[in-house]
Amino acid sequence: MIAERASVELLLVEQRGGEGEADGAHWILEGGRILPGVDDNRRMAELRSGLLRHAAVRTAPADADSEDVEQTLSVLHEPEYLEALGEVSAEPVVIPELTPPGLPPDIPVTAGLVAAAREGVRTAITAAERLAAGARFTYALCRPPGHHAGPTWFAGYCYLNTAAAAVQALRDRGVSPVGILDVDLHYPNGTAAIVAAMSDASLHSLHASPVTNVAELTVTPSSEREVVVEFEGSPDRDAYLEALAASVEALAASSEAIVISLGYDIVAGDPHGSWGFEPEIFAEVGALLAGCGRPLCVIQEGGYALETLAACSEAFATGLLGEGAR
């Protein structure tokens, strides 16, 4: 059960560490080409600056207990997978056997990236804990993203599944059923694989088609609790918001709380994107979510256009909380 609600504000949970360069992405394979990695701590700085422009955003450290982090990870990922990640060194290495089914390896892994991913999970669990304790809106500002990390694989900058960690943390604290809404440009293949075994969790994803991170290039939902909405090309704004509103309404009707996998890579100019939305779209995303009447735990996923990230996160906070510049 969720505790009595507090006043409307957004609790921004900030990931520990992240001052150095040892935990930045090295490269990624995309469209048959090896591209420089663009997931690093600069993203967090830009997103933080945009969110803190709103007076109703307050910060808190990620302070979930390490034992809770390890327990949660043991539920989400197979022990052999966690053991393999624990054995990597500081040098980038590709591990083909830890790759999503039917796909080639697309990223390397290092000890620094694994450490950052664990801190990302700590951040997500903290945000879920605060939600269960009474916060209405929480935002886990974490990296690397997590929604492509499955029970036994990593891909797409993702090594450990932060959204699934938030879902599990809520379930552990008696918050059930839980809805997951993924609004990143890419399909959350890792989240889908993990939550398929959770009978009290539902997943809706709005994403680009063809789906390049599954071998079939399109998605077959794993159960009646998974809804997928695929858009070929850059979608019309009204069509996208109509589909989003339908998913928000459905999840609100069937869930006690909603975990949002929030990607800002749907905007024009994202180096891993193909859509043409302006940052202001996130004000409407935030407003739709605010109106659903459910507590929301936001988990940071993608979004790599440094020049627009602050505008995206500011727009999201404005939509969620209403006008309120500092």
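The values are calculated or read from the model by the stated rules, or taken from the named source; none is laboratory data. All values derive from a computational prediction rather than experimental measurement. Cβ sites come from the backbone with ideal geometry, for glycine too, and all protein chains shown count toward neighbours. The accessibility values were calculated without ligands, DNA or RNA, using every heavy atom of the protein model including side chains. Shrake-Rupley method; radii C 1.70, N 1.55, O 1.52, S 1.80 Å.
On the full set of protein chains, 1.4 Å probe, figure out the accessible area of Ile125 and give it in Å² to the nearest 10.
0 Å²
Determine the share of the chain's accessible area contributed by carbon and sulfur atoms, expressed in whole percent, with a 1.4 angstrom probe.
52 percent
Take the alpha-carbon centre of the range 299-326, take the same for the range 55-85, and report the distance between them in whole Å.
24 Å
What does the convex hull of the alpha-carbon atoms of the range 43-104 project to on average, in nm²? Present the calculation step by step, with values, prior to reporting the outcome.
Details: hull surface 29.2 nm².
For the range 43-104, the mean projected area of the Cα convex hull comes to 7.3 nm².
What length, rounded to one decimal in nm, is gained on full extension from Ala245 through to Glu224, with 0.36 nm per residue of separation minus their alpha-carbon distance? Mind showing how you got there, number by number?
On the way: separation 21, 0.36 × 21 = 7.56 nm, distance 1.90 nm.
5.7 nm is the gain from fully extending Ala245 to Glu224.
Peptides 218-230, 70-82: what's the order by average Cβ count within 10 Å, highest mean first?
The most tightly packed comes first, giving 70-82, 218-230.
Roll a 1.4 Å probe over the protein chains and send me the accessible area per residue for the range 235-326 in Å². Working shown, then result.
Details: 3080 Å² over 92 residues.
With all protein chains present, the range 235-326 gives 33 Å² per residue.
Rounded to the nearest whole Å², what accessible area per residue is found for the range 1-111 with the 1.4 Å probe?
55 Å²
Taking every alpha carbon pair in the chain, what does the distance histogram look like in 20 angstrom bins from 0, in percent?
With 20 Å bins starting at 0, P(r) equals 36, 61, 3.
So if I average 1/r over every pair of distinct C-alpha atoms in the range 74-135 and take the inverse, what Kirkwood radius in Å does that give?
13.5 Å
In the chain, which whole DSSP H runs stretch at least 20 Å along their own axis (Cα) and average -0.5 or higher on the Kyte-Doolittle scale?
Helices meeting the span and hydropathy rule in the chain are 111-132, 237-254, 306-321.
If you stretched the chain out fully between Asp236 and Ser74, how much longer would it get, using 0.36 nm times the residue separation minus the C-alpha to C-alpha distance?
Details: separation 162, 0.36 × 162 = 58.32 nm, distance 4.09 nm.
Separation in residues times 0.36 nm, less the Cα-Cα distance, equals 54.2 nm.
Enter the per residue convex hull volume of the range 89-214, computed from alpha-carbon coordinates, in Å³ rounded to the nearest integer.
103 Å³
Go through Ala133, Leu244, Ser209 and say which Cα lies farthest out towards the positive end of the charge dipole of the chain; charges sit on Cβ, +1 for Lys and Arg, -1 for Asp and Glu.
Ala133
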